[in-house]
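In what follows, a single structure is set out as structure tokens and then discussed.
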Amino acid sequence: MITKESAIEKTLHRAGRVLLALLFFAGAMQKMANPDPAMGLLIARGLPGWLIWPALVFNGVAGVALIAGWALRPLGLALAAYCIFTSWFHFIPSDPWQMSILVKNWAIAGGCLILAAGASGRNR
């Protein structure tokens, strides 16, 4: 049975998207303000440090798209893949803080997959 989405569901959906967007905006701002730590993680894994700049743009665009509710299914899938991929940079078993970030990335990826699964293709 298909039901109309309630005002509460729409509000919760928007609030969740805004909270996710804030995370990606913060990542973009952090990379912009001080790119060296993230560049170091890239270089340590054998990747060029300049990849920080496309990541910064992706984070910023993703934040805008989350708030606007644009292309939520492909966006959720792309963000989940991004989070899983970037968790690799935090796999430093000797550093509990980095391992915590790794697990948080997995959790965020899970939320993005839920977003993708629930996306109806329309702006909520």
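The values are calculated or read from the model by the stated rules, or taken from the named source; none is laboratory data. What you see is a predicted model; the values in this text were computed from it and never measured. Cβ coordinates were reconstructed from backbone atoms using ideal geometry, including for glycine residues, and neighbour counts include every protein chain displayed.
Applying the selection to segment 88-100, what residues are hydrophobic (A, V, I, L, M, F, W, C), assigned to a helix (DSSP H, G or I), surrounded by 14 or more Cβ atoms within 10 Å (Cβ to Cβ) and at pLDDT below 95?
Phe89, the sole residue that qualifies.
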With Leu56, Leu66 as the choices, which residue is in contact (Cβ under 8 Å) with a residue 24 or more places away in the chain and under 11 Å from the mean Cα position of the chain (by Cα)?
Leu66
Residue check, Leu22 against (1) under 17 Å from Ala116 (Cα atoms); (2) surrounded by fewer than 18 Cβ atoms within 10 Å (Cβ to Cβ); (3) in contact with a Gly (Cβ under 8 Å, 6 or more places away or on another chain), all met but one. Which one?
(1)
Any chance you could count how many residues in segment 28-68 are in a loop (DSSP other than H, G, I, E, B) and either of a type in the set (S, T, N, Q) or on the phi < 0 side of the Ramachandran plot (or both)?
5
Selection status of Ile8, exposed (fewer than 13 other Cβ atoms within 10 Å of the Cβ) and either out of contact with any helix residue (DSSP H, G or I) (no Cβ under 8 Å at 6 or more places or on another chain) or assigned to a loop (DSSP other than H, G, I, E, B) (or both)
yes
May I ask you to list pairs of residues, at least six apart or on different chains, whose Cβ atoms are under 8 Å apart, with the first in segment 14-39 being closer than 17 Å to His90 by Cβ and the second being among the β-branched types (Val, Ile, Thr)?
Leu23/Ile108; Lys31/Ile52; Pro35/Ile52; Ala38/Ile52; Met39/Ile52
Please tell me if Leu79 is farther than 26 Å from Gly49 by Cα and surrounded by 14 or more Cβ atoms within 10 Å (Cβ to Cβ).
no
I'm trying to understand the selection: among the residues of segment 11-40, which are in contact with a helix residue (DSSP H, G or I) (Cβ under 7 Å, 6 or more places away or on another chain) and either among the hydroxyl-bearing types (Ser, Thr, Tyr) or over 18 Å from Ala107 (Cβ atoms) (or both)?
Phe25, Ala28, Lys31, Met32, Pro35, Ala38, Met39
